[in-house]
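S.K.: This structure is in structure tokens; I'll ask about it shortly.
The values are calculated or read from the model by the stated rules, or taken from the named source; none is laboratory data. These numbers were taken from a predicted model, which means no experiment stands behind them. So basically every Cβ, Gly included, is an ideal-geometry build from the backbone, and we count neighbours across all protein chains shown.
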Amino acid sequence: MSTALLLTIAVASVLLLLVMVIKAKVHPFVALLVVSLLVALATGMPVDNIMKVIADGMGHLLGAITIIIVLGAMLGAIIESSGGAESLAQRFTRSLGVKRTVAALTIAAFILGIPVFFEVGFIIVIPLIYGFTKVARVSPLKYGLPMAGVMLTVHVALPTHPGAAAATGLLHSDIGWVMLLGILVSIPVGVVGYFVAKAMNRRQYHLSLDVLEQMQLAKPESATPTDGQRPPGAWLISGLIVVPIVLIVLGTLAHTVLPAGSALRQLLSLVGTPAIALLIALALSAWLLGLRRGWSKDRLSELLERAIPGSAGVILVAGAGGAFGKVLVESGVGKALALSLETINLPLIPAAFILSLALRASQGSATVAILTTSGLLAQAVSGQSEIQLVLVTLSACFGGLGLSHVNDAGFWVVTRYLGLSVADGLKTWTVLTTAMGVTGFVLVWLISLLV
């Protein structure tokens, strides 16, 4: 099948998906599956392989996020029900004020994003976003958009994460310089994202009823839990949120520093996996915020049970997004786009950005976009100076930041947790990630002109 036809099918599939979800009000899970099936048929994928590709795409993603989302929802339910998130929010808001609190949490999200994967980190901070939203009586977008934006920025730009780490290997760039310049460029990118998100929040967006109910915005209530107990202290809540982050960081450091046969390395690597780290945090929260404060086992069990249905929608839609992305990859759309852009013969730094951005838009995964771009440019960068190799690497990384939309599982995680419709998600999250990606590329290109 010709490149032009493959690209036409890809564009038409995205447009059809938007029409089904926005205009026809088809549930995103169903719409994604239908469009995935149509793309597979239109691109000539063998009929007996279509459902295998869809199932593989969904299964691969769900295997990575289901445990994390469910445990995160349970952890958030305990913190929320105890009054802890609101207690922490009140403490910060009294000390800093609403405007400074948004900036402080955005900075905290930047730091959190360095060792922790984007989806994991975002799910960990969701209880905080809801708690601060209730106290300040504002939209969750005020906190959620800038925090998610900076977390995704460091996820794509720093070699503590798989995309940037693999890109440094494929392009033979110095990982230390990639880390240093990645942080230096990500800081102003985060600042730009903060102000872009601030401008977006001047508008009012219709939020889903589920999010309004979860934040209890529809009916203001006291911060005191229904059992009449005093809410847990801000430091205790902070500690419980930091626990999984510390464990993940320790696991990463152990894998890097300790010898391969070390029992301590194996232990820390195990407890440092996101699922185990969240499980430990959940157990501590259940004891410290629940059972120790007089909750019955039945109450705790019921609370955890209620947390599961709320996370199911996010899991299913994100999984269907993974299936759609997998179909686009297997159909050859991404490869066709990459080859067509490769023939343009652009300078290496803008070529890396445009290629990565286009691949991100076409198949959804930032990591895949960065890896594919780096592989395609591996021969072209031979003979370049060390700093140029680093800048080409970062250009590809920032290309993977932009154009997060309906074929990206992260798009569905962010929009579902923040209560956005698909149309409003495109107006906010997609625009925000693209503005930040372009900013990162411009800064990288300016550095290349100065060195």
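S.K.: Which residue out of Gly425, Gly410 is surrounded by 21 or more Cβ atoms within 10 Å (Cβ to Cβ), out of contact with any strand residue (DSSP E or B) (no Cβ under 6 Å at 6 or more places or on another chain) and closer than 21 Å to Ala165 by Cα?
M.R.: After applying the criteria, what remains is Gly410.
S.K.: Is there any pair linking a residue in the stretch 285-314 that is closer than 30 Å to His27 by Cβ to one that is among the hydroxyl-bearing types (Ser, Thr, Tyr) and part of a helix (DSSP H, G or I), with Cβ under 6 Å and at least six apart or on different chains, and which?
M.R.: If the second residue must be among the hydroxyl-bearing types (Ser, Thr, Tyr) and part of a helix (DSSP H, G or I), the pairs left are Leu303/Ser81.
S.K.: Ok, one more. Applying the selection to the stretch 152-178, what residues are among the hydrophobic types (A, V, I, L, M, F, W, C), out of contact with any Leu (no Cβ under 6 Å at 6 or more places or on another chain) and in a helix (DSSP H, G or I)?
M.R.: Those that are among the hydrophobic types (A, V, I, L, M, F, W, C), out of contact with any Leu (no Cβ under 6 Å at 6 or more places or on another chain) and in a helix (DSSP H, G or I): Leu152, Val154, Ala157, Ala165, Ala167, Leu170, Ile175, Trp177, Val178.
S.K.: As an exercise: evaluate Lys52 against (1) loosely packed, with under 15 Cβ neighbours inside 10 Å; (2) in contact with a Phe, Trp or Tyr (Cβ under 9 Å, 6 or more places away or on another chain); (3) of a type in the set (D, E, K, R) and give the number of the one condition it does not meet.
M.R.: (2)
S.K.: If you don't mind, there's one more thing I want to ask. Quick check on my filter: what residues within the stretch 227-281 are out of contact with any Pro (no Cβ under 8 Å at 6 or more places or on another chain), surrounded by 19 or more Cβ atoms within 10 Å (Cβ to Cβ) and assigned to a loop (DSSP other than H, G, I, E, B)?
M.R.: Pro232, Gly272 - these are the residues of the stretch 227-281 that are out of contact with any Pro (no Cβ under 8 Å at 6 or more places or on another chain), surrounded by 19 or more Cβ atoms within 10 Å (Cβ to Cβ) and assigned to a loop (DSSP other than H, G, I, E, B).
S.K.: Given the conditions (1) crowded, with 21+ Cβ neighbours inside 10 Å; (2) modelled with pLDDT under 90; (3) under 24 Å from Ser374 (Cβ atoms), and given that Ala165 satisfies all but one, which numbered condition is not satisfied?
M.R.: (1)
S.K.: Just checking, does the stretch 388-396 include any residue being within 15 Å of Ala167 (Cα to Cα), in contact with a helix residue (DSSP H, G or I) (Cβ under 6 Å, 6 or more places away or on another chain), surrounded by fewer than 23 Cβ atoms within 10 Å (Cβ to Cβ) and touching a residue at least 24 places away in the same chain (Cβ under 8 Å)? Give the derivation first.
M.R.: Step one: of the stretch 388-396, the residues within 15 Å of Ala167 (Cα to Cα) are 388-396.
Within this subset, residues satisfying the condition of being in contact with a helix residue (DSSP H, G or I) (Cβ under 6 Å, 6 or more places away or on another chain) are 389-396.
Retained after the next criterion (residues that are surrounded by fewer than 23 Cβ atoms within 10 Å (Cβ to Cβ)): 389.
From the residues that got through so far, the ones that are touching a residue at least 24 places away in the same chain (Cβ under 8 Å) too are 389.
Yes: the stretch 388-396 contains one or more residues that are within 15 Å of Ala167 (Cα to Cα), in contact with a helix residue (DSSP H, G or I) (Cβ under 6 Å, 6 or more places away or on another chain), surrounded by fewer than 23 Cβ atoms within 10 Å (Cβ to Cβ) and touching a residue at least 24 places away in the same chain (Cβ under 8 Å).
S.K.: Let me ask something else about it. Give me the residue from the stretch 1-16 that is modelled with pLDDT of 80 or more and within 24 Å of the chain's Cα centre (by Cα) and, out of that set, surrounded by the most Cβ atoms within 10 Å (Cβ to Cβ).
M.R.: It comes out as Ser13.
S.K.: Working only within the stretch 17-49, note down all residues that are surrounded by fewer than 16 Cβ atoms within 10 Å (Cβ to Cβ), farther than 21 Å from Val317 by Cβ and of a type outside the set (A, V, I, L, M, F, W, C).
M.R.: The answer is Gly44, Pro46, Asp48, Asn49.
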